[in-house]
Amino acid sequence: MDINELKPNRNNPRKMSPENLAKLARSIERDPEFMVLKPIVIDEDNNVVAGNQRLKACQYLGYEEIPDEWVVQAVALSEEKLRRFALIDNAPEGISGEWDMEMLSLELHELEERFQINPKDIGLDSLNFSPNLSPETGNKKVTEGDMNRGHDQLENQFKDGDIKTITLMCPHCNEEFGMQDKHLKLMIEK
């Protein structure tokens with residue numbers, strides 16, 4: 001398929017840093033078969049419904065043609081369903097589930113041991129995991145001061161009332177992440 005026939009979603013609510021775009025591009029180069037498993041989804045007019053970042057990564061790689069099986073056309077869906085699918089494809093909080101940190105740690109450890117796959121190679125470079133240990137952020141340990149700042153931030157946000165999910169920022173890498181209120185309340189109560 002001619003990549004220029006695909007029209008990116010101008011209203012795409014997802015964005016990607018240049019560093020993460022380069023990581024995604026390397027992932028596509030390394031494992032192109034994953035594009036068959038999670039293809040770019042287009043509507044009947046070739047507008048990208050899901051996979052805008054994958055399209056950008058293919059363009060970043062300089063691809064002018066991509067295999068037809070990397071693109072799937074969503075037919076007979078209303079505009080409302082196409083728009084909902086675009087959001088669901090990006091796995092908003094609550095739909096994609098939560099990481100089981102112990103299982104994730106074990107899986108990453110096994111990938112590294114058996115296949116020499118570094119978590120950085122699959123986009124998990126903001127977290128370092130070791131079995132039976134808490135995750136660390138980047139190469140720095142989270143300090144008591146970081147925890148106190150986080151605690152203050154949580155208390156301030158809960159004063160506003162009925163919050164189901166809030167956004168926090170890592171003090172080391174400035175990456176934002178969401179957390180459900182039930183987990184946050186447990187942290188505050190400790």
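The values are calculated or read from the model by the stated rules, or taken from the named source; none is laboratory data. All of these numbers come straight from a predicted model, not from anything done at the bench. Cβ sites come from the backbone with ideal geometry, for glycine too, and all protein chains shown count toward neighbours.
Note on region 1-47: residues that are closer than 17 Å to Asn90 by Cβ, aliphatic (A, V, I, L, M) and part of a loop (DSSP other than H, G, I, E, B) total 1.
Checking each residue in region 27-52 for being crowded, with 19+ Cβ neighbours inside 10 Å and of a type outside the set (A, V, I, L, M, F, W, C) picks out Pro39, Gly51, Asn52.
Checked against (1) assigned to a loop (DSSP other than H, G, I, E, B); (2) closer than 16 Å to Lys7 by Cβ, Ala86 passes all but condition (1).
Selection of first residues in region 97-113 that are assigned by TED's automatic domain parsing to the domain that holds Leu124 and surrounded by 10 or more Cβ atoms within 10 Å (Cβ to Cβ) and of second residues that are modelled with pLDDT of 80 or more and β-branched (Val, Ile, Thr), restricted to Cβ pairs under 6 Å at least 6 apart or on distinct chains, gives the following pairs, ordered by first then second residue: Leu111/Ile117. Checking Ile42, Ile28 one by one, the residue that is over 18 Å from Ile122 (Cβ atoms) and among the aliphatic types (A, V, I, L, M) is Ile42 and no other. In region 2-20, of all residues being among the aliphatic types (A, V, I, L, M) and surrounded by 16 or more Cβ atoms within 10 Å (Cβ to Cβ), the one that is farthest from Asp68 (Cα to Cα) corresponds to Leu6. Pairs are defined by a Cβ separation below 6 Å, a sequence spacing of at least 6 or placement on different chains, a first member in region 33-47 that is in contact (Cβ under 8 Å) with a residue 24 or more places away in the chain, and a second member that is among the aromatic types (Phe, Trp, Tyr); the pairs so defined are Met35/Trp70; Pro39/Trp70. Scanning region 49-92 for residues that are among the charged types (D, E, K, R) and either within 18 Å of the chain's Cα centre (by Cα) or over 20 Å from Asn12 (Cα atoms) (or both) yields a count of 8.
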